[in-house]
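Below you'll find the structure, written out as structure tokens, and then a few comments.
The values are calculated or read from the model by the stated rules, or taken from the named source; none is laboratory data. The structure presented is a predicted model; accordingly, all values stated were derived computationally and were not measured. Here the Cβ positions follow ideal geometry from the backbone for every residue, glycine too, while neighbour counts run over all protein chains shown. These area figures cover heavy atoms from the full protein model, side chains too; ligands, DNA and RNA do not enter into them. Shrake-Rupley method; radii C 1.70, N 1.55, O 1.52, S 1.80 Å.
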Amino acid sequence: MRQPGWLSGAIHFVIIAVAFQVESREVWPYALLAMSAVSFFAWVSNYRRYRHIQDLPTSRVASAAQGYVELFGRTELLPGELLASRLSRTPCCWYSFEIEEKGSDDKWKTVDSGSSVEHFLLVDDTGQCVVSPEGAEILTHDHKSWDEGSYRYNEWLLLPAAPLYAIGEFSTTTAGAAAVGEERADVGALLAQWKANQKQLHERFDLDRDGKISLKEWELARLQARREVRTRQAEVQSRSVEGVHILRKPGDGRLFLLANELPGKIGSRYRFWSWVHLVIFLGAGSAGLIML
């Protein structure tokens, strides 16, 4: 959402503000050492992201290996899906929002926030990949902010047909595997559809015509529903041989990054902030040690 460097910058600002409020020179060595410690962790974080972007080759969707990959394409909605942002109702593929309230002390306090988790597509010239954005670090320059009374509204978006750079865990689910996983849900949905039409349900499965569906008759209905679902899935599988590509958060904790910018710009930004924090780490740490 926010660009690299904002969190460490905010912490540095708080440390400096507290040091000025204390109005004692004795606190400054500890403030500088605290800034140095924050910058050390920020340097590690930014440099790690920079190396991920630099070291991973960009793959094509159709030929990407299973596992940790880097992809570049454009965002698209899933067929038949519509998503609008929470605050401005802008059509989008992903959104995050934050609502802040200004208190009596003139300080802003977050009162509500959230992000969408709906899947969308990354499309390149070789194919398409379903993106599950849950747990991703998302960088976007599509940001809206406005005030209404004592409230401030912030919104970050990934818009359709925009560039999308992604690093994450890539896997391909075959049509057959997907059918097995969805069979139970499809059977339940079909049975619910039959129950909604009681007349037709009794005509098909009330074998003794006593006006009730016994446990044995209901089990027959379940078996028939399972047969019909498997027939449908077989038809789908026969038409789909490539399977479904999915990009999600790696299970081992590695970086899961989505951004609507070119990878070169993102890498340069992380490299810049890694150098900035390295300088602050060394400079503030040395000054703090000298002043002790």
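Data table
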quantity	calculated
Helix-only CD estimate at 222 nm, as mean residue ellipticity for the chain, using -39500 (n - 2.57) per DSSP H run (n ≥ 4)	-15500 deg cm²/dmol
Bins of 5 Å, starting at 0 and running to the largest distance - Cα pair percent for the chain	1, 5, 9, 10, 11, 11, 11, 9, 8, 7, 6, 4, 3, 2, 2, 1, 1, 0, 0
Listed residues Arg25, Arg209, Arg269, most fluctuating in the chain (Gaussian network, C-alpha, under 10 Å)	Arg209
Region 103-116 - phi-based ³J(HN,Hα) in whole Hz, Karplus 6.51/-1.76/1.60, Gly and Pro as x	x, 5, 8, 6, 9, 8, 10, 6, 10, 7, 7, x, 9, 7
Solvent-accessible surface ranking, highest first, for Glu70, Glu219 at 1.4 angstrom	Glu219, Glu70
Sites Leu82 and Trp146, calculated FRET efficiency, Cβ-Cβ separation with R0 22 Å, nearest 0.05	0.40
Glu261 long-range amide H proximity, modeled H, under 5 Å	Tyr165
Phi to ³J(HN,Hα) by Karplus 6.51 cos²θ - 1.76 cosθ + 1.60 over region 83-97, Hz, x for Gly, Pro	9, 10, 5, 5, 9, 8, 6, 7, x, 7, 9, 7, 8, 9, 9
Built amide H within the under 5 Å cut-off of Asp142, gap 5+	Leu157
Of every Cα-Cα pair in region 243-292, the percent that sits beyond 18 Å	60
Top of Asp105, Asp186, Asp55 by mean-square fluctuation, Gaussian network on the chain, Cα under 10 Å	Asp105
Tail beyond 25 Å, pair distance distribution of region 19-148 (Cα, percent)	54
Among Val123, Val131, Val229: highest mean-square fluctuation, GNM of the chain, C-alpha pairs under 10 Å	Val229
23 Å Cα-Cα reach of Lys199 towards lysines, excluding residues that sit fewer than 8 places from it in its own chain	Lys212, Lys216
Share of Cα-Cα pairs in region 43-110 lying beyond 17 Å, as whole percent	70
Per-residue ³J(HN,Hα) for region 121-132, Karplus 6.51 cos²θ - 1.76 cosθ + 1.60, θ = phi - 60°, Hz, x for Gly and Pro	10, 9, 10, 10, 7, 10, x, 9, 9, 6, 9, 9
Of all accessible heavy-atom area on the chain, the percent that carbon and sulfur account for (1.4 Å)	56
Extension gain from Arg60 to Gln21, taking 0.36 nm per residue of separation minus the Cα-Cα distance	8.6 nm
